[in-house]
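*Asks:* Next up is a structure, given as structure tokens.
The values are calculated or read from the model by the stated rules, or taken from the named source; none is laboratory data. Since the model is a prediction, treat every value here as computed from it, not as a measurement. Backbone-built Cβ (ideal geometry, glycine too); neighbour counts: all protein chains shown. All accessible areas refer to the heavy atoms of the entire protein, side chains included, with ligands and DNA or RNA removed. Shrake-Rupley method; radii C 1.70, N 1.55, O 1.52, S 1.80 Å.
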Amino acid sequence: QVQLVESGGGLVQPGGSLRLSCAISGINFSLYDMRWYRQIQGKGSELVAQITVRGSSSYVDSVKGRFTIARDNALNMAYLQMTRLTPEDTAVYYCNIPAFPPYWGQGTQVTVSS
């Protein structure tokens, strides 16, 4: 059974940082790309960042230079380091393996507020 479990969300002040983690089990993670999505309340989901099996990363324009996606295949972990957070980053963040079928975590809430 494939499981993705996010952690690391919480409440942070504008300008602060958080690191989200995604623990993957039940699948050979090294064979798959990894993505982080976010769901902003009242809006659709947004692909925030992706890292390929070879370690190439890409980001939505709004987070470029602030967020960093990483993976540790040996530990079956993925990460999203978020810096210089703004209230517009407030969302539920999900890790995702774009397989067939895709695999999703349960989400972790990130709230950026003073």
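*Asks:* Is it the case, given these coordinates, that residue 81 is open to solvent by 40 Å² or more (accessible area, probe 1.4 Å), in contact with a Lys or Arg (Cβ under 6 Å, 6 or more places away or on another chain) and closer than 19 Å to residue 21 by Cβ?
*Replies:* It is true that residue 81 is open to solvent by 40 Å² or more (accessible area, probe 1.4 Å), in contact with a Lys or Arg (Cβ under 6 Å, 6 or more places away or on another chain) and closer than 19 Å to residue 21 by Cβ.
*Asks:* Let me ask you something else. For the range 1-54, give me each residue that is open to solvent by 60 Å² or more (accessible area, probe 1.4 Å), in a strand (DSSP E or B) and under 16 Å from residue 73 (Cα atoms).
*Replies:* If the condition is that a residue be open to solvent by 60 Å² or more (accessible area, probe 1.4 Å), in a strand (DSSP E or B) and under 16 Å from residue 73 (Cα atoms), then 3, 5, 35 are the ones that fit.
*Asks:* I'd like to know if the range 63-86 contains one or more residues that are over 22 Å from residue 111 (Cα atoms), polar (S, T, N, Q) and modelled with pLDDT under 95.
*Replies:* no
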